[in-house]
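Only one structure is covered here, and it is reproduced in the block below.
The values are calculated or read from the model by the stated rules, or taken from the named source; none is laboratory data. Predicted model only: the values in this text are computed from it and were never measured. FYI the Cβ positions are ideal-geometry reconstructions off the backbone, even for glycines, and counts take in every protein chain you see.
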Amino acid sequence: MSYRIKLDIFEGPLDLLLYLIKRNDLNIYDIPISKITEQYLQYMELMRLLDLDIASEFLVMAATLIEIKSKMLLPKPELEQAAEDLDPRADLVNRLLEYQKYKTVAEELRKRELVYRDIFTRPGEPPVQDDSSEIYFEASLFDLISAFSKALKEVPKEIFYEVVKDEFTVEQKVHDILRLLLNLPAVSLEELFSKAKNKLEIVATFLAILELIRLHEITVAQKGLFGDIVIKRFEERLKPDKAVPDATKQ
């Protein structure tokens, strides 16, 4: 299966670090650099496995984390007391805190945009009524990769060595998911992965989801922080004049 996806992903290396810090419930002022570096490299390996375009910034951050880890493993010099007090993580922590501020402001502006969008509607366009009592939050790329990693781990090891007769393509999975969402308002990512016959089908399903996100055909959301992920059709695509896309022509 050869299929390369290039996503316009706004998440960068600092987003991944903040995600790992939150997911592990860590103190941002006292980051266990060894643990974070290991997990960061694992996510990069998964991105390589999926043949995603990894921006150079991710590689630079990986090198930075490894450098910090190396410095913290070295014995502290006995001379120059001031040098002893310098924490190799200090610059990274400051960058994370500054970036977190910008993300908080951006998220607040996004929430206000959604509120005003529902208040000031265009003439003749009634406000969207949501009867659902459940509140969902947009899932990030890293939430998706976490779910993908979990699905791979749950596949029995013997399946990895089976001779796969069925060929699963991303194009096929794109249309399978869209057909599924014609009859269902939403479907859980875990359910999609659980129906996969083998590792190759899981990979094809995951890449299809990324492709549909890129095409603005679906949205992914989760109930609560790091909760189960659900897939829904993008609201604009639910209009009658929207045709099912052909991923092969993109």
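State whether one or more residues within the range 113-125 are at pLDDT 75 or above, of a type in the set (A, V, I, L, M) and assigned to a helix (DSSP H, G or I). Checked the range 113-125: no residue is at pLDDT 75 or above, of a type in the set (A, V, I, L, M) and assigned to a helix (DSSP H, G or I). Taken across the range 42-49, residues that are surrounded by fewer than 12 Cβ atoms within 10 Å (Cβ to Cβ) and modelled with pLDDT of 90 or more do not occur at all. If you go through the range 57-77 and keep only what is basic (K, R) and buried (at least 16 other Cβ atoms within 10 Å of the Cβ), you end up with just K69.
Considering only residues that are of a type in the set (A, V, I, L, M) and in a loop (DSSP other than H, G, I, E, B), look in the range 10-45 and name the one that is nearest to G227 (Cα to Cα). Write out each step before concluding.
Going residue by residue through the range 10-45, those that are of a type in the set (A, V, I, L, M) are 14, 16-18, 20-21, 26, 28, 31, 33, 36, 41, 44.
Imposing the further condition that a residue be in a loop (DSSP other than H, G, I, E, B) reduces the set to 26, 28, 31.
Values: L26: 18, I28: 22, I31: 24 Å.
This residue is L26.
Pairs are defined by a Cβ separation below 9 Å, a sequence spacing of at least 6 or placement on different chains, a first member in the range 68-80 that is farther than 18 Å from I36 by Cβ, and a second member that is modelled with pLDDT under 85 and of a type in the set (D, E, K, R); the pairs so defined are K76/E84; P77/E84; E78/E84. Can L97 be described as assigned to a helix (DSSP H, G or I), in contact with a helix residue (DSSP H, G or I) (Cβ under 9 Å, 6 or more places away or on another chain), modelled with pLDDT of 65 or more and over 30 Å from A208 (Cα atoms)? No; evaluated as a whole, the condition is false for this residue. Looking at E84, E57, E78, just one residue is at pLDDT below 85 and in a helix (DSSP H, G or I), and that residue is E84. Taken together, the residues in the range 213-250 that are assigned to a loop (DSSP other than H, G, I, E, B) and either at pLDDT 85 or above or farther than 30 Å from N24 by Cβ (or both) amount to 13. One residue is enough: does the range 161-171 have a residue meeting the conditions out of contact with any Ser or Thr (no Cβ under 8 Å at 6 or more places or on another chain), at pLDDT 85 or above, assigned by TED's automatic domain parsing to the domain that holds L207 and of a type outside the set (G, A, S)? Checking the range 161-171: at least one residue is out of contact with any Ser or Thr (no Cβ under 8 Å at 6 or more places or on another chain), at pLDDT 85 or above, assigned by TED's automatic domain parsing to the domain that holds L207 and of a type outside the set (G, A, S).
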